[in-house]
1. When you check T138 against the structure, is it among the hydroxyl-bearing types (S, T, Y), at pLDDT 95 or above and surrounded by 24 or more Cβ atoms within 10 Å (Cβ to Cβ), yes or no?
2. Return the residues of the range 159-210 that are part of a loop (DSSP other than H, G, I, E, B), among the small types (G, A, S), within 19 Å of G114 (Cα to Cα) and touching a strand residue (DSSP E or B) at 6+ places or on another chain (Cβ under 6 Å); say none if nothing qualifies.
3. From D161, D198, grab the single residue that is of a type outside the set (S, T, Y) and under 25 Å from H257 (Cβ atoms).
4. Would you tally the residues in the range 222-241 being more than 24 Å from H137 (Cα to Cα) and out of contact with any Lys or Arg (no Cβ under 7 Å at 6 or more places or on another chain)?
5. Scan the range 175-190 and give yes if some residue there is surrounded by 18 or more Cβ atoms within 10 Å (Cβ to Cβ), among the aliphatic types (A, V, I, L, M) and within 20 Å of R125 (Cβ to Cβ), otherwise no.
6. Which residues, taken from the range 210-261, are among the acidic types (D, E) and either surrounded by fewer than 19 Cβ atoms within 10 Å (Cβ to Cβ) or farther than 22 Å from P70 by Cβ (or both)?
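The values are calculated or read from the model by the stated rules, or taken from the named source; none is laboratory data. Model, not experiment: these values are computed from the prediction. Cβ sites come from the backbone with ideal geometry, for glycine too, and all protein chains shown count toward neighbours.
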Amino acid sequence: MISRDTAVSRRQVLLAIGGMSLISAPVPLLPGPAAAEATSVHRGQVHRGQARHGATPRPPGPEPYPLDRPLYYIDNADKAIALTIDDGPNPVYTPQVLDVLAEYRVTATFSMIGVHVAAYPYLARAVADAGHRIANHTWDHADIAGMPARRLHDELTRASDAIHAATGVHAGLFRAPYGAWSPAVIRLCEQMKMVPVDWSVDPRDWARPGVRRIVSDIMNKTQPGSIILEHDGGGNRSQTVAALRIVLPRLLHEGYHFQAI
């Protein structure tokens, strides 16, 4: 359990980061958003459907931020969505992704692996200098859900230290590899003043299903408030780059705008 004092301090951290409203789907601590109950997010509120017959309706207004789970959505005001790019930096694909983002003036969040940041600090600096956000994605992309406390702390602190050494930025966001969360991970994020961030749209670009499939998944599943998952590291990401060149202008044409988390 997260104590009341911890809950209050984390809420202060959330309100301080970026000056924006953040929404989390009401889900248990399970990998990925697939376990979420059916909800729709609308202007800072999570709507769970009609109240039971005879029940007193809940007054309007934003629901409290759930403190025991990661973010799956951002505030969807004005059709805002977020693009996240994981597993870099990579000397081949990170520059290509940056070029596409610059072409369409899209701001994204890059979830970086510490060992890659240490190997290519100039790429991490390029991402930060371009105005994108950087999230901690552990030191070496280990499955941290059941990891012993000391090793878990080492995974997160080494990555944060590498990011700061390369960019001067203190990572205020954290993404768990494989979407594998646990109460211990959430508590450590609180202690390190990092907001835990998951995703709500996963086109599985890491599996290289083909450009057409990646594009179709993003266009069919994206809705206001969505956090889209893509990758610039971990393998051949040419399909991802090609898909981004297609989906970014399409999403912008549909009235979406991208907002860094």
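1. When the stated conditions are applied, T138 passes them.
2. A171
3. Working: D161 fails: under 25 Å from H257 (Cβ atoms).
Answer to the selection: D198.
4. Kept after step one, since they are more than 24 Å from H137 (Cα to Cα), are these residues of the range 222-241: 223-224.
Restricting the remaining residues to those that are out of contact with any Lys or Arg (no Cβ under 7 Å at 6 or more places or on another chain) gives 223.
So the count comes out to 1.
5. No - not one qualifying residue is present in the range 175-190.
6. E254
For (1) crowded, with 17+ Cβ neighbours inside 10 Å; (2) modelled with pLDDT of 95 or more; (3) of a type in the set (S, T, N, Q); (4) in a helix (DSSP H, G or I), each residue gets a yes or a no:
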position	(1), (2), (3), (4)
V46	yes, no, no, no
G49	no, no, no, no
P91	no, yes, no, no
V100	yes, yes, no, yes
V127	yes, yes, no, yes
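Residues checked against (1) more than 25 Å from A126 (Cβ to Cβ); (2) at pLDDT 95 or above; (3) of a type in the set (D, E):
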{"residue": "I163", "(1), (2), (3)": "no, yes, no"}
{"residue": "L173", "(1), (2), (3)": "no, yes, no"}
{"residue": "D198", "(1), (2), (3)": "yes, yes, yes"}
{"residue": "D202", "(1), (2), (3)": "yes, yes, yes"}
{"residue": "M219", "(1), (2), (3)": "yes, yes, no"}
{"residue": "L229", "(1), (2), (3)": "no, yes, no"}
